[in-house]
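Enquirer: My structure is below; once you've seen it, I'll send some questions.
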Amino acid sequence: MKNWFDFKKIIFTIITLSIFGFFGYYLFFNGTSEKVNTVQELQKKVSTKEKPKPLNYSDEIPGKIITLKKMTLDCVQDYYNVFSPRVRQGLEFPEKITFAYVAYYVDSLVRKQKNNKLIAYNIWDNKDNKMVGSIQVREKNDYDPGQLGMWLNENYWGGGRIQEALLLISKEYFRVRTEANDYIAHARLWNDRSLGSLKKFGFKKVGDYVEDGKITRHVYEITRADIEARPN
Ligand SMILES: CC(C)(COP(=O)(O)OP(=O)(O)OC[C@H]1O[C@@H](n2cnc3c(N)ncnc32)[C@H](O)[C@@H]1OP(=O)(O)O)[C@@H](O)C(=O)NCCC(=O)NCCS
């Protein structure tokens, strides 16, 4: 009699677990996640995943001494050629880099650009007709403090190119980002050329950035009003 009772208990437990298991499986695979049966379906799902509408940044912005050209993957070789050790030192990039490193980096910028997380232009010298640097404005974010990134190959420092690049990209940023009223730049305390060029352009110091309890960067800001007040 006792054996029969135990047997009924075991059957009851198996049935109960099966019912819960079935509902659990159903909810997990059909209720909470979308069904994908083939690789083609998965690729389609990934490729049709919500994409932000691209912002209407110009592909090319001509200036008097430089031209800004919107970053694409085509620039990797030029980028690799002019992104010198001296420039990388100012940006705290690795001392040694490979072509693949630059390719991955440029690809990451192009992807962020497609997702409207930043706008990146390469700086072309009008006289030499070659790429000599790069400049970007990132959207405000918590993971990459400071919105401005800029560099010029050292052979082109001091000739007014970065000043013109700053003006062209600032005008374009405020033209496209109608809701933005300012953007900020971080400059390392030791980076005299970076600090000098920001001040010369008209950036105002708005604070300091602290890392491990120490001030390591000054924070500068340029406003829409500053840019709109500039003569054309
Ligand atoms: C930062 C960078 C783009 C500036 O370009 P640039 O052509 O050298 O800049 P500018 O000539 O417009 O301005 C530099 C100013 O700093 C001044 N300066 C240079 N060295 C200086 C020093 N040791 N102390 C004080 N001021 C200095 C220059 O005199 C100049 O001002 P001036 O024209 O009024 O005399 C360029 O130096 C670069 O690519 N550096 C490496 C990458 C980098 O550090 N990027 C910035 C990180 S945000």
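Enquirer: Calculate one ³J(HN,Hα) per residue across the range 190-202 by plugging θ = phi - 60° into the Karplus curve 6.51 cos²θ - 1.76 cosθ + 1.60, and present them in order as whole Hz with x for glycine and proline.
Expert: 8, 8, 4, 5, 5, 4, x, 6, 5, 4, 4, 6, x
Enquirer: Oh, and also: State, to one decimal in nm, how far the label point of Glu95 lies from the label point of Leu55, with both points 7 Å from Cα in the Cβ direction.
Expert: About 3.7 nm, to one decimal.
Enquirer: If the reach is capped at under 15 angstrom between alpha carbons, list the aspartates and glutamates near Lys64, excluding any in the same chain fewer than eight residues apart.
Expert: Asp125, Asp128, Glu164
Enquirer: Report the paramagnetic label zone for Lys64: residues of the range 130-165 whose backbone N is under 18 Å from a point 7 Å from Cα along the Cα-to-Cβ axis.
Expert: 157-165
Enquirer: Using the structure shown, list the pairs from Lys112/Lys171; Lys69/Lys205; Lys96/Lys130; Lys51/Lys140 with a Cα-Cα distance above 27 Å, or answer none. All intermediate terms of the calculation are to be shown ahead of the outcome.
Expert: Numbers: Lys112/Lys171 20 Å; Lys69/Lys205 29 Å; Lys96/Lys130 23 Å; Lys51/Lys140 19 Å.
Over 27 Å Cα-Cα: Lys69/Lys205.
Enquirer: Can you tell me the length gained on complete extension of the stretch Val206 to Lys117, counting 0.36 nm per residue apart and subtracting the Cα distance? Write down the numbers at each step before the final one.
Expert: On the way: separation 89, 0.36 × 89 = 32.04 nm, distance 2.32 nm.
Gain on extension, Val206 to Lys117, equals 29.7 nm.
Enquirer: Can you list the residues, at least 5 places off or on another chain, whose amide H is less than 5 Å from the amide H of Lys117, using H built in the peptide plane?
Expert: none
Enquirer: Which shape class applies to the range 76-232: rounded if a/c is under 1.5, otherwise prolate when a/b exceeds b/c and oblate if not, where a ≥ b ≥ c are the square roots of the Cα gyration tensor eigenvalues? List each step's numbers first, then the result.
Expert: Values: a/c = 1.33, a/b = 1.17, b/c = 1.14.
Taking the square roots of the gyration eigenvalues as a ≥ b ≥ c, the range 76-232 is rounded.
Enquirer: So, one more: Work out from phi, with θ = phi - 60° and the Karplus expression 6.51 cos²θ - 1.76 cosθ + 1.60, the ³J(HN,Hα) of each residue of the range 206-223, listed in order in whole Hz, and give x for Gly and Pro.
Expert: 10, x, 10, 10, 10, 10, 6, x, 10, 6, 10, 9, 9, 10, 10, 9, 10, 10
Enquirer: So who's got an amide H within less than 5 Å of the one on Asn126, skipping anything under 5 residues away but keeping other chains? H placed 1.01 Å off N, in plane.
Expert: Hits under the 5 Å cutoff: Ile66, Thr67.
No value in this document is a laboratory result; all are computed from the given coordinates. Small disclaimer: the values here were computed from a predicted structure and weren't measured. Neighbour counts run over all protein chains shown; Cβ positions are idealised from the backbone, glycine included.
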